[in-house]
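The values are calculated or read from the model by the stated rules, or taken from the named source; none is laboratory data. Quick caveat, the model's predicted, so the values are computed rather than measured. Glycine also receives a Cβ, built like all others from the backbone with ideal geometry; neighbour counts cover every protein chain displayed.
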């Protein structure tokens, strides 16, 4: 086995700071009656503000200092969100409170191109979602955790001298040594190796067997079972903004953080999101809720493009305090066939994404597409969808009542009124008229020469829109190729025009 530990030493600050692009002077404050600095970012440190300093003294050094109250719930939620995102690398994940995450990565090394490449992708991905971590790798979870919490960016992939490096770490890192640190320091024990040099029986009697067991688990001489993280069915990410925002454009940076987390979750599930909700949380009014429908995708760029267009249409009723994104529906993404030679994508993905962006910009009902339908009647064999991906008439629904030919359409003008798609076999025109035009006479009297036919279409008796027609291709005096039909009663109609 091979474990990688991600230790987030600045997690108390990161849960607030990752929502903005520009780093401001900020600290996290304790919740006591005389609060002090729990964590300070680099900007604050450069001004002399360090952990342990009182908030009053910090404000004296920097009056514009942003102060956030220590929020352990937000930190726990952030660790779970990172675990959801990390599911794209491995399914074996353990959360180690208060600020660490453990990943068992041995099974995916070949798939991700080796250890070095995998660790590089994890590190780069953490930056995308707004976190930074000390990343350490070792043969046991305990050792990886100790190295990371010691601030050691170390990679030990083979069982060589890693136990010696582990023994050089401070004994203060051990959870079961905290109550004994003063005593251990008094006898000159400061490292794990110095502790192990003492008689084991004496250490167990004086400091408890749990301390030795913790070391043995890190060394791999004892099993180290851990409660594994079980991801939920849906992604639910929330980002608190360090300062309230009243402009939509300023929200996009934080939205991108959450969408990157969502993409990692979807990679781990082998799925794409088909419907998501983006809530903009306000202080005094109900959240602004944006629901987006998508063709199953996990592409960060595409999801962001759709959300950007959708957000641009919103008028915020109040300043935004937080952003929340929930994957309402997801669907499996099947493998796509590939070609030996590069060719254009055959799945129409780019076209679907363009349509989704147009819908986000113009409105859900403003963009429609044409679809084919399993019906031999030309006027029902195709049409526009009510929404992209949602046909106007689904299978099993009622069809329109039969339309009679309109006598007002008997003029000699043969320009098409509307376009429809045909899907029955045989020679079909590019354009179908919105309603068939009555000839008023047989083709010979109308100076139309029949060139081919007949092709009989007789169907629809089961739904009240029965047709019985013989179709012909004819050409008029102007040389236009027409699609004609004769009904059972003998009347002739023009139904379409060939290009």
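Structural remarks
- Screening the candidates 86, 58 for the property of being buried (at least 21 other Cβ atoms within 10 Å of the Cβ), over 29 Å from residue 114 (Cβ atoms) and touching a helix residue (DSSP H, G or I) at 6+ places or on another chain (Cβ under 8 Å) yields one hit, 58.
- Any hit, the stretch 94-107, residues being closer than 30 Å to residue 272 by Cβ, in contact (Cβ under 8 Å) with a residue 40 or more places away in the chain and not in a strand (DSSP E or B): yes
- Of all positions in the stretch 214-232, at least one carries a residue that is in contact with a strand residue (DSSP E or B) (Cβ under 6 Å, 6 or more places away or on another chain), surrounded by 15 or more Cβ atoms within 10 Å (Cβ to Cβ) and part of a loop (DSSP other than H, G, I, E, B).
- Criterion: part of a helix (DSSP H, G or I), surrounded by fewer than 16 Cβ atoms within 10 Å (Cβ to Cβ) and modelled with pLDDT under 95 - qualifying residue of 309, 286, 249: 249
- Members of the stretch 165-185 that are in a loop (DSSP other than H, G, I, E, B), buried (at least 19 other Cβ atoms within 10 Å of the Cβ) and touching a strand residue (DSSP E or B) at 6+ places or on another chain (Cβ under 9 Å): 169
- Failed condition for residue 162, given (1) in contact (Cβ under 8 Å) with a residue 12 or more places away in the chain; (2) surrounded by fewer than 17 Cβ atoms within 10 Å (Cβ to Cβ); (3) more than 32 Å from the chain's Cα centre (by Cα): (2)
- Top-ranked residue in the stretch 1-10 [being touching a helix residue (DSSP H, G or I) at 6+ places or on another chain (Cβ under 7 Å) and in a loop (DSSP other than H, G, I, E, B); ranked as surrounded by the fewest Cβ atoms within 10 Å (Cβ to Cβ)]: 1
Table: residues versus (1) within 30 Å of residue 274 (Cα to Cα); (2) in contact with a helix residue (DSSP H, G or I) (Cβ under 9 Å, 6 or more places away or on another chain); (3) outside any strand (DSSP E or B); (4) at pLDDT 50 or above.
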| position | (1), (2), (3), (4) |
| --- | --- |
| 426 | no, no, yes, yes |
| 434 | no, yes, no, yes |
| 443 | no, no, yes, yes |
| 482 | no, no, no, yes |
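- Single residue of the stretch 11-55 satisfying the filter (without any contact (Cβ under 8 Å) to a residue 40 or more places away in the chain and assigned to a strand (DSSP E or B)) that is surrounded by the fewest Cβ atoms within 10 Å (Cβ to Cβ): 54
- Selection of the stretch 146-163 for residues being in contact with a helix residue (DSSP H, G or I) (Cβ under 8 Å, 6 or more places away or on another chain) and not in a loop (DSSP other than H, G, I, E, B) yields 146, 147, 149, 155, 162, 163.
- Of residues in the stretch 454-470 being closer than 14 Å to residue 487 by Cα and without any contact (Cβ under 8 Å) to a residue 40 or more places away in the chain, the one surrounded by the most Cβ atoms within 10 Å (Cβ to Cβ): 469
- The condition of being touching a residue at least 40 places away in the same chain (Cβ under 8 Å), within 26 Å of the chain's Cα centre (by Cα), in the same structural domain as residue 163 (by TED's automatic domain parsing) and not in a loop (DSSP other than H, G, I, E, B) does not hold for residue 67.
- The single residue among 237, 293, 254 that is touching a strand residue (DSSP E or B) at 6+ places or on another chain (Cβ under 6 Å), more than 18 Å from residue 128 (Cα to Cα) and buried (at least 18 other Cβ atoms within 10 Å of the Cβ) turns out to be 293.
- Only one entry of 322, 352 meets the criterion of being surrounded by 16 or more Cβ atoms within 10 Å (Cβ to Cβ) and at pLDDT 90 or above, and that entry is 322.
- In the stretch 445-471, residue modelled with the lowest pLDDT [restricted to those that are part of a strand (DSSP E or B) and over 16 Å from residue 376 (Cα atoms)]: 453
- Evaluation of residue 118 against (1) touching a helix residue (DSSP H, G or I) at 6+ places or on another chain (Cβ under 9 Å); (2) within 30 Å of residue 23 (Cβ to Cβ); (3) surrounded by 15 or more Cβ atoms within 10 Å (Cβ to Cβ); (4) in contact (Cβ under 8 Å) with a residue 60 or more places away in the chain (one fails), failing number: (4)
- Of all the residues in the stretch 194-237, those that are over 40 Å from the mean Cα position of the chain (by Cα) and more than 27 Å from residue 2 (Cβ to Cβ) number 14.
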